[in-house]
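Report on the following structure.
The values are calculated or read from the model by the stated rules, or taken from the named source; none is laboratory data. These numbers were taken from a predicted model, which means no experiment stands behind them. Note that we place each Cβ from the backbone using ideal geometry, even for glycine, and neighbour counts take in every protein chain shown.
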Amino acid sequence: MTFSFSCKAKAWKGLASLLKTMQEEATFAVDQQGVHINCINGSRVTQIDFTWLHTNLKEFKYDDIIATLVGFSTKSLDDVMRRFDKDAEIALAYTGEGLLQISNEAKHYSLRLIPGDAVEAPRKIKVDLEINIPTSFEKLQEILGDLQFMQEAMTFEVKEGKFSIYSEGDTAKAHLLISNSMVSEIEAYSEYNIPYLQDLVTAMKDVAESVMMHWGTDKPLHLVMQIPEAGELNYYLSPYGVK
């Protein structure tokens with residue numbers, strides 16, 4: 001298998017930063033649709049599934065009809081991406097020598113890959129979630145900012161159609177009314193980890209735009225983020241205290 005393409009570094013920088021907070025290694029595969037990146041953190045609490053659509057990649061070339069899975073060091077990818085400006089045009093290429101080439105006109109790096117037979121992509125999560133709420137990435141940042149001085153957990157609640165978030169620390173409590181309009185006729189309640197979501201918004205700031213929040217009582221939180229000029233990031237977070 002060989003492939004090559006070019007794109008802006010902006011989304012890669014955010015994604016690399018997020019992956020580094022989750023696990024030492026992640027996997028990606030390339031096929032006719034584009035680039036698929038998957039990672040699950042060591043405690044199996046968070047997972048991401050990202051597809052960078054080939055229509056958002058310039059000069060996309062791929063010579064295999066079957067997607068080939070390879071692994072990579074998340075720290076190394078983050079170290080490399082930090083060397084590029086967010087608006088830089090970068091080229092990525094693999095020629096079958098075990099190295100992913102990442103470069104622009106001025107810089108050239110080689111990232112050693114892990115053979116596909118030594119890695120395994122995380123299983124895709126499939127679960128029915130009854131609460132579906134559209135929002136913006138800026139709103140998600142605001143919520144996490146309002147709760148950053150609290151302890152680890154926050155509670156999502158839909159009651160009488162209104163969506164609220166609660167959290168309690170050693171010396172303070174917080175109640176955020178997120179939506180006063182009817183978001184669902186179904187009542188729901190679930191707790192989620194604040195620090196994991198803070199890692200997400202820190203890494204993806206200035207990258208993500210719209211966010212769709214899917215969740216349910218004692219079920220995973222599924223955030224679907226649209227990444228302009230890239231694709232769709234699916235982020236999963238287990239309920240607090242559940243692995």
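Filter region 195-241 for residues that are closer than 16 Å to Glu157 by Cβ and touching an Asp or Glu at 6+ places or on another chain (Cβ under 6 Å) and give the result.
Gly216, Pro239, Tyr240
Restricting attention to region 92-106, which residues are of a type outside the set (Gly, Ala, Ser), under 19 Å from Arg82 (Cβ atoms) and exposed (fewer than 13 other Cβ atoms within 10 Å of the Cβ)?
Glu105
Does Thr46 count as among the polar types (S, T, N, Q), surrounded by fewer than 16 Cβ atoms within 10 Å (Cβ to Cβ), within 27 Å of Ile125 (Cβ to Cβ) and at pLDDT 85 or above?
no
Testing Thr217 on (1) farther than 26 Å from Leu18 by Cα; (2) surrounded by fewer than 15 Cβ atoms within 10 Å (Cβ to Cβ); (3) of a type in the set (Val, Ile, Thr), one condition comes back false. Which one is that?
(2)
Looking at Thr27, Thr51 in this structure, which one is surrounded by fewer than 22 Cβ atoms within 10 Å (Cβ to Cβ), of a type outside the set (Asp, Glu) and touching a Phe, Trp or Tyr at 6+ places or on another chain (Cβ under 9 Å)?
Thr27
Quick one: which residue in Tyr236, Tyr192 is under 12 Å from the mean Cα position of the chain (by Cα) and of a type in the set (Ser, Thr, Tyr)?
Going through Tyr236, Tyr192 in turn, the sole match is Tyr236.
Suppose we filter region 159-193 for residues that are within 13 Å of Asp218 (Cα to Cα) and part of a strand (DSSP E or B); how many remain?
Result for region 159-193: 6.
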